Structures are given as C-alpha cells and as structure tokens.
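Peer 1: Once you've had a glance at the structure underneath, I'll fire off some questions.
We did not get these values from a lab; they are worked out from the coordinates using the rules stated. Computed from a predicted structure; not experimentally measured. As a convention, Cβ positions derive from the backbone with ideal geometry for all residues, glycine included, and neighbour counts pool all protein chains shown.
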Amino acid sequence: MAELAGEVKRKSNLARVTKRHEQSAIVGRLLVASFMAMRSGYARKHIGAVFEEILVAMMIRVSDDQGAPPRTIADISKYLGLPRSNVRRCLDALISEGVIRKAGDTGFTGQQDYLATRVDAEYFAKIRQAIITAADELRQIDAVA
C-alpha cells in the first residue's frame, strides 16, 4: 500500500509540475512579447539597457493612475530596489524623451502629451493582445484542473 500511495503522490506532483511549467511558459511569452514591444520605442538601445527606464516609467504611470503624489527619486529607488544614481539617470533620459516631467521641486509624473502621440501605437496593441492571450490561456489551464 505504501508504494501505491507514493505512486499517487508522484503522479499528483508530476501533474502540478506540468501545470506550473505550462503557466511559466505562458507568463514567459507574455513578458517577452511585452518587453520586446516596449523596447520598440527605444531603438537606440537593447532591452537590458532600457529595462530600468521602462520600470521607472511604468511605476510613475501606475502612481499617476492611482492618484498618488508625484514620485520622488527616493520613492522610486526604494520601491524598485534601484540605486538612486540609476533612478536619476533613468529620470533624466525619460524627461529628455518627453515620457515624464518634473512636478514640483522633487517629484516626477507622467507626461500626458507623450501618451497622446501614441494613442494608437502598434507596440501597445501588441502588449494588450499578449496580455489577453495569456489570460485566456491561464484560464483554460485552470478550467481543466
């Protein structure tokens, strides 16, 4: 009987690991598609070189959406776990590209004009579709379980 119980447990674990592998692949496709689409706005650099800029810009957009006060270098640094010097460098680049703007003495907020010029951007449509596809695939896996 003990062998049978062990066999059932191994099969159960295998099923859980297989499901987790499928979920990881779905999330992986989502993130690769999203980051490659985001990177298209940064043709001057490879994804690794702009990853921190993308994170900083996204954090500011989320804060703006939540009605939070303008984010400071210290806020961003602490939340993202990035050195302040990296955050400052990202903010400088994002300001020069018109993605964000300085708000008050120490805060930063998104630049609405930047979004307005990209309302129908192809890269954003790709990101939305990747999210929708991933959500549908994850729901399908959960429905089978």
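Peer 1: Put +1 on the Cβ of each Lys and Arg and -1 on the Cβ of each Asp and Glu in the chain; which of PHE108, PRO70, GLY81 then has its Cα farthest toward the positive end of the dipole?
Peer 2: Checked the options; the winner is GLY81.
Peer 1: May I ask you to compute the full-extension gain from ALA103 to GLN129, defined as 0.36 nm times their residue separation minus their alpha-carbon distance, rounded to one decimal in nm?
Peer 2: 6.1 nm
Peer 1: A further question follows. If I model a spin label as a point 7 Å beyond the Cα along the Cα-Cβ vector, how far apart are those points for ALA143 and GLU122 in nm?
Peer 2: 3.2
Peer 1: Can you pull the one-decimal nm distance between simple spin-label points at ILE95 and ARG16, each 7 Å off the Cα toward Cβ?
Peer 2: Placing both labels 7 Å along Cα→Cβ, they lie 5.0 nm apart.
Peer 1: Report the net charge of residues surrounding ILE73, where surrounding means a beta-carbon distance below 10 angstrom and charges are Lys +1, Arg +1, Asp -1, Glu -1.
Peer 2: Value of the local net charge: +3.
Peer 1: Check ALA103: other-chain or 5+ apart residues with amide H under 5 Å from its amide H, H built from backbone geometry?
Peer 2: PHE108, THR109
Peer 1: Something else now. Once you charge only the Cβ atoms, +1 for Lys and Arg and -1 for Asp and Glu, what is the size of the charge dipole of the chain about its Cα centre, to the nearest 20 debye?
Peer 2: For this selection, approximately 380 debye.
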